[in-house]
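Worksheet: the structure to be examined is printed underneath.
None of the figures in this text is laboratory data; all of them are computed from the coordinates on show. Computed from a predicted model, the values in this text were never measured in an experiment. We place every Cβ from the backbone using ideal geometry, glycine too, and count neighbours over all the protein chains shown.
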Amino acid sequence: MSNPFIEASRRRRTQYALGRRLPLSQDETAALIQDAVRLAPSSFNSQSSRAVILFGAQSLRFWEIVKDALRAIVPAESFANTERKIDGFAAGAGTVLFYEDQDVVKGLQAQFPLYADNFPVWSEHASAIAQFSVWTALANAGIGASLQHYNPLADAAAAAEWSLPASWKLRAQMPFGSNEAPIGDKTFIDDAERFRVFG
Ligand SMILES: Cc1cc2nc3c(=O)[nH]c(=O)nc-3n(C[C@H](O)[C@H](O)[C@H](O)COP(=O)(O)O)c2cc1C
């Protein structure tokens, strides 16, 4: 049975071959990303997820920040490979930076001490759901993307560059753009290993 959500989920894949030719305008793309984050669930409807949406030169600036941080720690002889990888992300149309507001997490811990240990975990879950939702919404609009983790390496410089609140913790980065190459097939483990259905 065909289901639009499952078809959209099937379309979501890791795309590293990105270009700048978006099928949507910048405003439409930003609105799509904002809808996906806004509609994602969070524990106690705390809405701890934050997103910084960078297009064009702003996205390039983020990947420059990452490159500068990596240059300081990657051995010089392997930096060319690292640089090639980062340039691939920068070749897209933009990047979404996913944050979780730690002030929201701390507020929940103070308000509901019984669940204090859970709130940081649930904040991570909320971020993951928002990430998946944005990734899938972009894929459904014909926009390729991948999920990257250059945090905490890039946190301080990004916060300074875009004047972000100190309570925002960077959790993931999603470079996106036009699909410039086909994506290979994906293999799946046996259903018998993952699922138990009763009744
Ligand atoms: C929690 C999580 C972390 C990931 N981190 C990275 C990452 O740092 N770099 C990257 O290139 N891909 C990352 N990925 C993408 C996975 O490698 C990819 O989703 C997986 O291989 C399945 O391929 P698909 O996205 O095409 O379905 C991550 C995915 C998840 C769910």
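The order of T14, T29, T136, T95, going from fewest to most other C-beta atoms within 10 Å of their C-beta, is T14, T136, T29, T95. Stretching the chain fully between F132 and D87 yields a gain of 13.9 nm (0.36 nm per residue, less the alpha carbon separation). Simple spin-label estimate for S163 and A192 gives 6.1 nm between the two label positions (7 Å along the Cα-to-Cβ direction from each Cα).
Which chymotrypsin sites (Phe, Trp or Tyr not before Pro) in region 137-181 pass both tests, a DSSP loop state and at most 15 other beta-carbon atoms within 10 Å?
W162
For the chain, the ratio of Cα radius of gyration to the globular rule of thumb 2.2 N^0.38 Å stands at 1.11.
If each residue's Cβ is checked for other Cβ atoms within 10 Å, how do S133, S46, S2 rank with the fewest at the top? Walk me through the numbers on the way to the answer.
Values: S133 20, S46 17, S2 5.
With the fewest neighbours first, S133, S46, S2 line up as S2, S46, S133.
The distance from the alpha carbon centre of region 157-192 to that of region 9-50 is 10 Å, rounded to a whole number. In this Cβ point-charge picture (+1 for Lys and Arg, -1 for Asp and Glu), region 12-179 has a dipole of about 360 debye about its Cα centre. Counting only residues at least eight positions apart within a chain, or on another chain, the aspartates and glutamates with an alpha carbon under 17 Å from that of K186 are E7. The simple spin-label model puts a point 7 Å past each Cα toward its Cβ; for K106 and L147 those points are separated by 2.8 nm.
Beta bridges assigned by DSSP with both partners in the chain are antiparallel in approximately 95 percent of cases.
Would you please state which residues of region 130-164 a label at R13 would reach in this model, taking the label point 7 Å out along Cα→Cβ and a backbone N cut-off of under 17 Å? Correct set: 135-147.
Would you list, by chain and number, the lysines whose Cα falls below 25 Å from the Cα of K67, excluding same-chain residues fewer than 8 positions away? K67 reaches K85, K169.
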